[in-house]
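Worksheet: one structure, shown below.
Every read-out reported here was derived from the displayed coordinates using simple, explicitly stated rules and does not represent laboratory data. Worth saying up front: this structure is predicted, and the values here are computed from it rather than measured. Here the Cβ is made from the backbone with ideal geometry for all residues, glycine too, and neighbour counts use every protein chain on show.
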Amino acid sequence: MDNFIAFIESFVGPLSSLLTNTFVIGVSLLFAFAVVLYIIDITQTRHTIRRNYPLIGRFRYLFEHLGEFFRQYFYSQDREEQPFNRAQRSWVYRAAKNLDNTQAFGSTRDNDKEGHIIFVNAGFPLLEEEGTVIEPLEFGPYCREPYRTSSLFNISGMSYGAISKPAVRALSRGAAMAGCWLCTGEGALSDFHLEGGCDIVFQIGTARYGVRDAKGNYSEDKLRNLGHIHQIKMIELKLSQGAKPGKGGILPAIKVTEEIATIRGIPQGMASISPNRHPDIANNRELLERLEWIRVITGKPAGIKLVLGDVSWLEDLMQTIVQLGERMAPDFITLDSGDGGTGAAPMSLIDDSGLGLHESLPLLVNKLEQYKLRDRIRVIASGKLINPSDVAWALCVGADAVNNARGFMFSLGCIQAMQCNKNTCPTGITTHNTKLQRGLVAKDKATRVANYQKNMMKELHAIAHSCGVKNPRHLSRRHARIVKSVSQSVSLVDYYADKT
């Protein structure tokens, strides 16, 4: 036993001495490093905080960075924080995981707040079995290949480039499982959009990615080839988007990989900056003629995506359609909200440009009805509609369908880290860093995408049945009221009647 103890001591003694020496050396190096930083801070003249508070002032940058991540967990209440609060995100997370989304002990929302929507439950609501099937709707009656679909809640445009390869794969597979469509965004069509087998809406942005020739002009051959792809159901010409009305797409150079550059037809490693409007379209007549040109070449329904701002522009569009005939009208209008989106954008535009959907959607629907174009032009509402009540409101106002991007990003695991434009997304959704993408397993996330869409439809049916109609497509303005004061609400029929 004595020999064994002596052996242990002979082993532990030198090891302890080595660890002690290593610790002392490490502390010495750390102290020396701190002294160097202190000297740098106190002598530099560019940063006031670091000069006044050398070394300690550097923690400001660390806390500022970490605050983006911790604010939503420790400091914000359930119903505060922008762009999406904890209650909104929590519903999506649970829906995507197919967990119980019921809540006890009452609402945490201020139901007396002005602008709050109240759905009007019927005296005798419909039983669940009385209404489940949603009637299909037709887009593009004058096309060679009209699109008929029953889908009400779909995936909005997120370009491959802005989001990662596994994210696109998960969305494609999830959309096919749920039976909804997936919009490509303006970054062109990739094999990853198609691999799930879902319906595709191909978006043409102002830079014409995917349908441009070497000089950046339209390529009729590429457009015609798109028309031959069965999965592509419609073509969407993007005029503007919620993230930055009046400015084109922005993809930072760090995200323009060789593969993305090839798909878009642009140089690798250079920022992908789209023009702020279509160079070939300067008025509504040219817009309608371009849509007809696309419709004829592809044989698919062709519509526009926009954020509404100048209301006189909308009036002129309606009058131009009447002059040229309803055949020339857009087959659909995707109306985005001016309160931000997934893309990188200047703060002046993301904060203060474009009408919000709560003002622009009823205005658009009323204008279509005024010109008797409501049955010709389908309306797709897009924006911050990530919860069932948001989507049901849009259907009540007059939308035929709803598109959403950020809700589906939450279903993929987005934590609202606000890193979308920096290639540092911690959940692998908006980064091309393969180490960060590793955590996003497309097969698993596809199921969550489908769950989110299906649970959305489940609760939309619940709202519809409560209001006494067979399915969400039958919701109208008489089925909801809006709070004007603590003691008064008014029907959407009256509230939106004069919005033209």
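Backbone amide hydrogens, once placed in the peptide plane, bring L237 within less than 5 Å of I204, G303, I304, K305, excluding anything fewer than 5 places away on its chain. The residues packed around N217, meaning those with a beta-carbon under 9 Å from its beta-carbon, carry a net charge of +1 if Lys and Arg are +1 and Asp and Glu are -1. Directionally averaged projected area (the chain, Cα convex hull): 33.9 nm².
Each peptide in 202-208, 262-268 was scored by the mean count of other Cβ atoms within 10 Å over its residues; highest first, the order is 202-208, 262-268. Taking only the C-alpha atoms of region 386-500, the Rg (one decimal) and the largest Cα-Cα distance, Dmax (whole number), read 18.6, 55 Å. Axis angle, to the nearest 10 degrees, between helix 59-70 and the longest C-alpha principal axis of the chain: 50 degrees.
Applying the Karplus relation 6.51 cos²θ - 1.76 cosθ + 1.60 with θ = phi - 60° to region 230-239 yields 3J(HN,Hα) values of 4, 5, 6, 9, 8, 10, 10, 8, 8, 8 Hz, where x marks Gly and Pro. The lysines whose alpha-carbon is closer than 23 Å to the alpha-carbon of K422, local same-chain residues fewer than 8 away aside, are K165, K244, K247, K255, K384, K435, K445. The angle between the Cα long axis of helix 165-178 and the longest principal axis of the Cα atoms of the chain comes to about 40 degrees, rounded to the nearest 10. In whole Å, what is the distance between the alpha-carbon centres of region 121-167 and region 186-226? For region 121-167 versus region 186-226, the Cα centre distance is 22 Å.
So how tilted is helix 311-324 from the main axis of the chain? Cα-based, degrees 0 to 90, rounded to 10. Compared with the principal axis, the helix lies near 40 degrees. Dividing the summed -39500 (n - 2.57) terms of all DSSP H runs of n ≥ 4 by the residue count of the chain sets its mean residue ellipticity at 222 nm at -12500 deg cm²/dmol. In a reduced charge model with +1 at each Lys and Arg Cβ and -1 at each Asp and Glu Cβ, the chain shows a dipole moment near 540 debye about its Cα centre. Greater than 19 Å separation of Cα atoms is the criterion. Which listed pairs, K238/K443; K305/K372; K233/K470; K238/K458; K300/K454; K113/K484, meet it? Exceeds cut-off: K238/K443; K305/K372; K233/K470; K238/K458; K300/K454.
Per residue, the convex hull around the alpha carbon atoms of region 111-245 comes to 190 Å³.
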